[in-house]
Amino acid sequence: MSNPKAPRRRQGFAIASLILGILGLPTVGLAVIGAMIGIVLGVVALVKARNDPAEYGGKGIAVAGIALSVLSVVVMPFFIGILAAIAIPSLLRARVSANESAALGDVRSVLVAEVGYQSLNGGYYDTLECLAGPSRCVPGYPGPVLLKGDVATTTPRNGYNRRFYSGPAPMPPPSKPVSPSSMTAFAYVAVPIQRGKTGVRSFCVDASGDIRTQADGAADGAEPEIVDGACPADWRPLGR
């Protein structure tokens with residue numbers, strides 16, 4: 001008679017630990033949770049194999065599963081560092097681009113408002129306050145406002161400082177009824193609060209209708225020298 005075959009020892013915990021350890025390497029420990037489960041299953045498999053070797057086996061498999069799970073946790077900081085090195089610059093560029101778009105949008109809004117205001121104020125420009133409330137400035141004007149919301153203020157927002165510069169007053173004073181704060185020129189400037197972090201380019205628009213930009217040479221939040229409501233001549237016209 002042939003001897004009966006020895007019963008096959010159970011290795012389920014050990015195999016599960018090994019599988020989680022292998023999967024943990026390319027997935028950074030399956031978000032840590034998988035690695036911790038792999039370690040626990042490996043330890044359970046070792047304990048069972050030691051206490052009941054006739055029923056449970058797979059010591060080597062369990063050790064390999066524990067080692068791989070621990071390794072996946074160890075390499076996680078390096079993997080996260082690589083992801084951060086790739087993602088952070090991209091996020092910063094996206095933030096800078098969004099801030100610049102918002103600042104440029106405000107510059108264009110002020111230009112459109114000034115052009116509209118000029119047509120109802122005897123050909124003269126005016127302050128942001130008058131653009132936001134022309135009925136308070138232009139005698140007899142009952143129409144709508146030309147500038148709304150935060151655009152009508154110089155409060156820093158979206159990573160940019162904003163400043164409005166008044167140009168010369170009309171000389172001689174106009175004989176027709178116009179706003180008492182009328183001016184023959186203006187300049188509106190948006191400058192990054194932290195150059196390179198909240199924005200790269202500065203923007204300026206004046207009565208010429210040209211939007212000018214400058215991307216270097218100025219310190220964080222430094223304002224350009226504006227004379228008689230005109231943008232700096234050395235700033236490059238936008239789009240050129």
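The values are calculated or read from the model by the stated rules, or taken from the named source; none is laboratory data. This is a predicted model, so every value here is computed, not measured. So basically every Cβ, Gly included, is an ideal-geometry build from the backbone, and we count neighbours across all protein chains shown.
Quick one: in segment 38-57, which of the residues that are among the β-branched types (Val, Ile, Thr) and in contact with a Ser or Thr (Cβ under 9 Å, 6 or more places away or on another chain) is modelled with the lowest pLDDT? Across segment 38-57, the extreme among qualifying residues is ILE39. Only strands (runs of 3 or more DSSP E) whose full extent lies in segment 132-234 are considered here, and the ones with at least 1 residues that are in contact with a strand residue (DSSP E or B) (Cβ under 9 Å, 6 or more places away or on another chain), of a type in the set (Asp, Glu) and closer than 28 Å to ALA98 by Cβ are 202-206. Filtered by the rule that a residue be among the β-branched types (Val, Ile, Thr) and surrounded by 13 or more Cβ atoms within 10 Å (Cβ to Cβ), segment 79-102 gives a lone residue, VAL96. Report yes if some residue within segment 103-121 is buried (at least 22 other Cβ atoms within 10 Å of the Cβ), free of Cβ contacts under 8 Å to residues at least 24 places away in the same chain and assigned by TED's automatic domain parsing to the domain that holds VAL200; otherwise report no. Checking segment 103-121: not a single residue is buried (at least 22 other Cβ atoms within 10 Å of the Cβ), free of Cβ contacts under 8 Å to residues at least 24 places away in the same chain and assigned by TED's automatic domain parsing to the domain that holds VAL200. Scanning segment 119-131 for residues that are over 15 Å from THR154 (Cβ atoms), part of a helix (DSSP H, G or I) and either of a type in the set (Gly, Ala, Ser) or at pLDDT 95 or above (or both) yields a count of 1.
For segment 36-57, filtered to residues that are of a type in the set (Val, Ile, Thr) and surrounded by fewer than 21 Cβ atoms within 10 Å (Cβ to Cβ), the residue that is farthest from ARG8 (Cα to Cα) is ILE37.
Is there a residue in segment 218-226 that is farther than 15 Å from ARG163 by Cα and at pLDDT 90 or above? The answer is no, given that none of the residues of segment 218-226 is farther than 15 Å from ARG163 by Cα and at pLDDT 90 or above.
Scan segment 155-196 for residues that are among the charged types (D, E, K, R) and surrounded by 12 or more Cβ atoms within 10 Å (Cβ to Cβ) and jot them down. The answer is ARG157, ARG162, ARG163, ARG195. Among residues that are surrounded by 18 or more Cβ atoms within 10 Å (Cβ to Cβ), within 16 Å of PHE186 (Cβ to Cβ) and among the aliphatic types (A, V, I, L, M), ALA152 is included.
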